[in-house]
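Notes to accompany the following structure.
All of the numbers you see were taken from the coordinates with simple rules; none came from a lab. On a predicted model such as this, the values are computed, not experimentally measured, just so you know. When we count neighbours, we look across all protein chains shown, and the Cβ atoms used for this are built from the backbone with ideal geometry, even at glycine.
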2 protein chains.
Amino acid sequence: MGAQIIDGKSIGQGILQDVSRGVLDLIEKGIRPHLAVVIAGEDPASHVYVRNKERACETCGILSTKIELPDSTNIEEILRVVDALNRDSEVHGILVQSPVPEGIDEVAIASSILPSKDVDGFHPHNLGRLVQGDLGGLLPCTPSGVIRILEDCGAEMGGKRALVLGRSRIVGVPMALMLAQKGVDATVTIAHSRSEGVEDICKESDIIVAAMGVPHIVKGSWVKPGAFVVDVGISRLEEGGLAGDVSPEVSEIAGWMTPVPGGVGPMTIAMLMSNTLKSAKEINN
Amino acid sequence: MGAQIIDGKSIGQGILQDVSRGVLDLIEKGIRPHLAVVIAGEDPASHVYVRNKERACETCGILSTKIELPDSTNIEEILRVVDALNRDSEVHGILVQSPVPEGIDEVAIASSILPSKDVDGFHPHNLGRLVQGDLGGLLPCTPSGVIRILEDCGAEMGGKRALVLGRSRIVGVPMALMLAQKGVDATVTIAHSRSEGVEDICKESDIIVAAMGVPHIVKGSWVKPGAFVVDVGISRLEEGGLAGDVSPEVSEIAGWMTPVPGGVGPMTIAMLMSNTLKSAKEINN
């Protein structure tokens with residue numbers, strides 16, 4: 001027995017190939033999709049993430065520009081950079097790498113990016129369209145990557161119980177909205193650090209998306225046999241190495257499970273590329 | 001035994017009194033809060049709703065203007081009217097009464113109202129702020145009225161199970177977001193017409209918000225003894241009279257229950273007045 005381990009890298013590659021084809025089509029029309037990434041400070045993990053995004057751009061033929069700001073930057077400086085990129089008609093996607101230096105309001109920055117260039121999908125306008133059940137906007141990359149995994153694996157979602165662990169504006173909340181939307185039709189529960197009895201809700205769930213950022217919080221005994229378990233959490237352990245929110249023994253109980261790393265991570269980057277292509281197409285329409 | 005029946009009219013009156021005081025303060029500063037209501041077509045129920053909103057404005061000292069359009073109107077005409085109201089610095093709140101005549105896109109109309117004048121709280125920007133966990137925007141009136149009822153009755157919400165039946169952009173989805181937000185901290189499930197096993201989820205829930213628009217769908221046998229049951233549904237029965245989504249016998253099982261009518265309805269109007277006051281204050285800040 002044991003869960004089918006989902007190869008997010010391979011599903012992500014498929015998406016990158018589709019994006020590459022779309023990019024070629026646009027280039028033939030004289031448009032080179034262009035992503036601008038703003039990174040402030042020296043956080044090594046953030047620099048790795050940005051490098052991975054640049055690599056994915058290269059793979060797809062998307063032009064990428066990195067704007068580096070010092071750790072001592074302030075919100076005014078970041079907003080000035082974003083404003084210039086908003087006005088630059090040759091830039092189609094803008095993202096400001098998280099986390100920004102301490103004390104800088106990330107939500108204010110997310111709200112400063114033009115919704116049509118907001119390839120992270122964090123602008124309130126894009127999130128609000130999701131509440132309206134309108135999937136035509138730019139969707140947050142991680143939750144839309146999770147939906148792609150579920151679809152790709154043929155997971156039955158309509159009418160089924162889905163549990164989202166975590167209520168961040170970036171993952172948990174938009175994930176719940178996407179799972180509950182018409183056409184997907186899951187019955188969605190949002191649980192979080194203040195929730196009581198999470199274990200029992202977990203046991204009833206056909207789909208579990210763990211996005212708490214707490215290493216190995218989801219235990220094997222919490223999971224319904226055959227459940228579809230998606231692990232969004234990624235924590236750096238003190239003793240070294242990475243851990244997801246899902247305990248390894250869950251793989252003996254679940255029917256499907258995403259690994260950490262190599263599960264949701266590559267999907268997030270693939271959806272970012274897909275969003276950048278979408279932006280470039282729509283801005284030039 | 002039997003549930004405590006919640007007098008939404010009385011809680012709503014308290015809110016209207018607070019709004020009246022706030023309106024007086026603004027009038028002393030030379031600002032008369034002003035709500036513009038656009039109504040298209042002859043639907044008798046809509047005209048009753050609009051009349052009730054006008055009366056609430058009178059009660060609070062808010063100026064109200066009604067713009068009536070014929071049933072034969074089109075979206076361009078409604079957008080022109082909204083645009084003029086957006087530009088009118090003496091109008092602080094704008095709402096377009098639902099339903100609009102058949103074939104007209106209500107979401108497009110909601111998106112055309114300036115977010116700062118969107119007293120219904122339906123603009124994607126306001127809904128998106130809710131996803132971000134930012135409660136500073138204009139919140140949809142019915143769900144924020146439900147939160148006020150829960151708070152006013154001292155309902156314990158933190159960590160508790162809440163079930164929202166219905167996933168509309170106007171009630172169900174924003175309701176779920178508000179219940180799950182930090183500070184309220186409920187564990188929220190969104191169920192809908194495609195959900196399986198709703199009865200079992202209902203039985204586990206400490207708070208039930210029924211917003212399906214299906215008369216008496218929530219039965220006494222579905223409800224956990226002592227639960228807090230909020231009935232948002234309101235349907236006109238063929239045999240005459242109004243019915244909520246909650247079956248009458250639930251009052252023997254629940255701990256708290258809102259009646260239909262006289263429960264959530266008056267709260268919705270009270271929150272609309274509260275939003276109009278908020279708009280008038282902020283536009284003039």
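So the values come out like this:
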quantity	calculated
Cα gyration tensor shape of chain B, rounded if a/c is under 1.5, else prolate or oblate by comparing a/b with b/c	prolate
Student exercise, chain A dipole from Lys, Arg, Asp, Glu Cβ charges, in Debye to nearest 20	660 debye
Dipole of chain B [Lys/Arg +1, Asp/Glu -1 at C-beta], most positive-end residue of B:Asn52, B:Pro225, B:Ile27	B:Ile27
Proxy reagent accessibility, fewest Cβ within 10 Å first, across B:Cys60, B:Cys153	B:Cys153, B:Cys60
Highest-fluctuation residue, A:Ile234, A:Ile109, A:Ile67 considered, GNM on chain A with Cα pairs under 10 Å	A:Ile67
Inter-part distance where the stretch B:1-71 and the stretch B:253-281 are each reduced to a Cα centre, Å	11 Å
GNM flexibility winner over chain B from B:Ser111, B:Ser251, B:Ser193 (Cα, springs under 10 Å)	B:Ser193
Hits among lysines - C-alpha to C-alpha of B:Lys203 under 30 Å, sequence gap 8 or more where chains match	A:Lys160, A:Lys182, A:Lys203, A:Lys219, A:Lys224, B:Lys9, B:Lys160, B:Lys182, B:Lys219, B:Lys224
Rough spin-label spacing in nm, given labels placed 7 Å along Cα→Cβ, for A:Lys66 and B:Glu42	6.8 nm
Sites matching GluC sites (Glu not before Pro) across the stretch B:221-256 that sit in DSSP coil, with at most 10 neighbouring C-beta atoms within 10 Å	B:Glu238, B:Glu239
Number of partner chain Cβ atoms within 10 Å, mean per residue of B:209-215	0
Other protein chain Cβ atoms within 10 Å, averaged over every residue that makes up A:179-188	5
Dipole magnitude of the stretch B:30-115 about its Cα centre (Cβ charges: Lys, Arg +1; Asp, Glu -1), debye to nearest 20	460 debye
Candidates B:Lys29, B:Lys117, B:Lys219, ranked by Gaussian network fluctuation over chain B, Cα under 10 Å, top entry	B:Lys29
Simple label model, 7 Å out from Cα along Cβ direction - A:Gln13 to B:Asn52, nm	6.0 nm
Antiparallel bridges, percent of DSSP beta bridges restricted to chain A (to nearest 5)	5 percent
Positive-pole candidate from A:Val260, A:Leu242, B:Leu130, dipole of the protein assembly as shown, charges at beta carbon	B:Leu130
Sites matching GluC sites (Glu not before Pro) across the stretch A:187-224 that sit in DSSP coil, with at most 16 neighbouring C-beta atoms within 10 Å	A:Glu196, A:Glu204
Debye log10 I(q)/I(0) for the protein assembly as shown, one point scatterer per Cα, at q = 0.06, 0.08, 0.09, 0.10 Å⁻¹	-0.32, -0.58, -0.73, -0.90
Using θ = phi - 60° and Karplus 6.51 cos²θ - 1.76 cosθ + 1.60, couplings along the stretch A:62-74 (whole Hz; Gly, Pro as x)	8, 6, 10, 10, 10, 10, 9, 10, x, 4, 7, 5, 10
Amide H contacts under 5 Å for A:Ala254, placed H, 5+ residues apart	A:Ala3, A:Gly226
Residues A:Thr187, A:Thr268, B:Thr59 arranged by fewest to most Cβ contacts within 10 Å	B:Thr59, A:Thr268, A:Thr187
Candidates per GluC sites (Glu not before Pro) in the stretch A:102-189, loop by DSSP, up to 14 other Cβ within 10 Å	A:Glu102, A:Glu156
Charged-residue dipole, Cβ positions (Lys, Arg, Asp, Glu), the protein assembly as shown about Cα centre, Debye nearest 20	220 debye
Positive-end extreme of charge dipole, the stretch B:62-212 - chosen from B:Ala155, B:Ile208, B:Gly172 (charges on Cβ)	B:Ala155
Fraction of beta bridges assigned by DSSP in the stretch A:140-285 that are antiparallel (%, nearest 5)	10 percent
Within the protein assembly as shown, percent of DSSP bridges classed antiparallel, to nearest 5	10 percent
B:Asp152 versus A:Glu238: modelled label distance in nm, points set 7 Å from Cα along the beta carbon direction	5.0 nm
Proximal lysines to B:Lys281, defined as alpha-carbon separation beneath 21 angstrom and excluding residues fewer than eight positions away on the same chain	B:Lys29, B:Lys53, B:Lys117
Nearby aspartates and glutamates by direct alpha-carbon distance to B:Lys66 (threshold 20 angstrom, same-chain neighbours under 8 apart not counted)	B:Glu42, B:Asp43, B:Glu54, B:Glu58, B:Glu76, B:Glu77, B:Asp83, B:Asp88, B:Glu90, B:Glu106, B:Asp118, B:Asp120
